[in-house]
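One structure below.
The values are calculated or read from the model by the stated rules, or taken from the named source; none is laboratory data. Since this is a predicted model, take the numbers as computed values, not measurements. Virtual Cβ from ideal backbone geometry, glycine too; neighbours counted across all protein chains shown. Heavy atoms of the whole protein, side chains included, go into the accessibility calculation; ligands, DNA and RNA do not. Shrake-Rupley method; radii C 1.70, N 1.55, O 1.52, S 1.80 Å.
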Amino acid sequence: MSTHIAAEKGEIARTILLPGDPMRAKFIADNFLEDPVCYNQVRGMYGFTGTYQGREISVQGTGMGMPSISIYVNELIRDFDVKNLIRVGSCGSFSEKVKIRDIILAIGACTNSRNNQLRFNGQDYAPTANFTLLSKAHNIANEKGIEVKVGNVLSSDLFYGDDPDAWQVWSRYGVLAVEMETAELYTLAAKYGVRALSILTVSDSVVTGEATTAEEREKTFTDMIEIALETAE
Ligand SMILES: O=P(O)(O)O[C@H]1O[C@H](CO)[C@@H](O)[C@H]1O
Ligand SMILES: O=c1cc[nH]c(=O)[nH]1
């Protein structure tokens, strides 16, 4: 048992999927895992362990934003020895070329968070994906005939910002989409010497204003989930 996770040691697999939405965690457990056991309901942040194609795997909701995912990832690594962490999240497109329901493998994550400036005495740190997980996920997507985009994302502290045009400078520098957790996930993975990857499905477009519904975000991102489960070791 850690501060925010009610599992006993050994109840969480060394590989874990991390959706922000705890209901997406339950959906993945109910629909993709065999014999799922719920090990956490603290704060409604569901965590389950089951098997997928004979391999033990867990799925844990992380909540929204970097302070929240930071708590879960710290505890998963430090208290439960988790080694492979694969975020399965939603994101908003910053590019006309990135459409609703497209899948992005986040090779790196920019951020407007101050977390790393605090860690690195005001200097920048470049959070990056684990190459082994990234290339494996890319190969699996290719084998399945699922098109994925590989690129940089922005992990933002603000969902509702004040400047409606703020996305444009990121877009000009090739950032594909915005979400709210990957920079912290990748930084913590580097700190602890474990592996992390964010796989994201585009839920809306900051460019065109198109959007998916909450139910679609909970239940229809199955290509991303299958890529993540098959990438898991
Ligand atoms: O769908 P999830 O994984 O929660 O990810 C995205 O959705 C939330 C905002 O609606 C933020 O957590 C953002 O990163
Ligand atoms: O626009 C979006 C969509 C999903 N998640 C975000 O953080 N922003």
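Pairs, please: C-beta under 6 Å, at least 6 apart or cross-chain, first residue among the hydroxyl-bearing types (Ser, Thr, Tyr) and in the range 143-161, second surrounded by fewer than 19 Cβ atoms within 10 Å (Cβ to Cβ) and at pLDDT 95 or above?
Once the first residue is among the hydroxyl-bearing types (Ser, Thr, Tyr) and sits in the range 143-161, its partners that are surrounded by fewer than 19 Cβ atoms within 10 Å (Cβ to Cβ) and at pLDDT 95 or above give Ser156/Asn112.
Tell me the helices (runs of 4 or more DSSP H) entirely within the range 152-233 that contain at least 2 residues that are hydroxyl-bearing (Ser, Thr, Tyr).
Values: elements: 167-172, 182-192, 214-219, 222-231.
Fully inside the range 152-233 and qualifying: 182-192, 222-231.
State the number of residues belonging to the range 9-46 that are open to solvent by less than 50 Å² (accessible area, probe 1.4 Å) and more than 19 Å from the chain's Cα centre (by Cα).
Result for the range 9-46: 2.
Under the condition of being more than 16 Å from ligand 2 (Cβ to nearest atom) and small (Gly, Ala, Ser), which residue from the range 2-23 is farthest from Tyr72 (Cα to Cα)?
Gly10
Could you tell me which of the residues Ala166, Ala196, Ala137, Ala211 is within 14 Å of ligand 2 (Cβ to nearest atom), in contact with a strand residue (DSSP E or B) (Cβ under 6 Å, 6 or more places away or on another chain) and among the aliphatic types (A, V, I, L, M)? Spell out the reasoning first.
Numbers: Ala166 fails: in contact with a strand residue (DSSP E or B) (Cβ under 6 Å, 6 or more places away or on another chain); Ala196 fails: within 14 Å of ligand 2 (Cβ to nearest atom); Ala137 fails: within 14 Å of ligand 2 (Cβ to nearest atom).
The unique qualifying residue is Ala211.
Does Asp162 fit the bill of being over 26 Å from Phe221 (Cα atoms), at pLDDT 95 or above and open to solvent by 20 Å² or more (accessible area, probe 1.4 Å)?
Numbers: over 26 Å from Phe221 (Cα atoms): yes; at pLDDT 95 or above: yes; open to solvent by 20 Å² or more (accessible area, probe 1.4 Å): yes.
In short, yes.
Quick one: is Ser90 assigned to a loop (DSSP other than H, G, I, E, B) and modelled with pLDDT of 95 or more? Quick ask: steps written out before the conclusion?
Working: assigned to a loop (DSSP other than H, G, I, E, B): no; modelled with pLDDT of 95 or more: yes.
The answer is no for Ser90.
Just to be sure I understand the filter: pairs with C-beta atoms under 6 Å, separated by 6 or more residues or on different chains, first member in the range 102-122 and under 22 Å from Gly174 (Cα atoms), second member assigned to a helix (DSSP H, G or I) and aromatic (Phe, Trp, Tyr). Which pairs pass?
Ala109/Tyr186
Take the residues of the range 188-213 that are within 27 Å of Glu75 (Cβ to Cβ) and more than 16 Å from ligand 1 (Cβ to nearest atom): which is most open to solvent (accessible area, probe 1.4 Å)?
If we take residues in the range 188-213 being within 27 Å of Glu75 (Cβ to Cβ) and more than 16 Å from ligand 1 (Cβ to nearest atom), then Lys191 is most open to solvent (accessible area, probe 1.4 Å).
Residues that are away from ligand 1 (no atom under 16 Å from the Cβ): list the strands (runs of 3 or more DSSP E) wholly contained in the range 1-68 that include at least 3 such residues.
Working: elements: 15-18, 34-40, 47-52, 55-60.
Because the criterion is at least 3 residues that are away from ligand 1 (no atom under 16 Å from the Cβ), the strands (runs of 3 or more DSSP E) in the range 1-68 that meet it are 34-40, 47-52, 55-60.
Please determine, by comparing only the residues of the range 51-89 that are farther than 28 Å from Asn112 by Cα and surrounded by fewer than 20 Cβ atoms within 10 Å (Cβ to Cβ), which one is nearest to ligand 2 (Cβ to nearest atom).
Within the range 51-89, the subset farther than 28 Å from Asn112 by Cα is 51-58, 79-81.
Those still in the list that are surrounded by fewer than 20 Cβ atoms within 10 Å (Cβ to Cβ) too: 51, 53-56, 79, 81.
Values: Thr51: 30, Gln53: 29, Gly54: 33, Arg55: 29, Glu56: 30, Asp79: 28, Asp81: 30 Å.
Taking the candidates together, the pick is Asp79.
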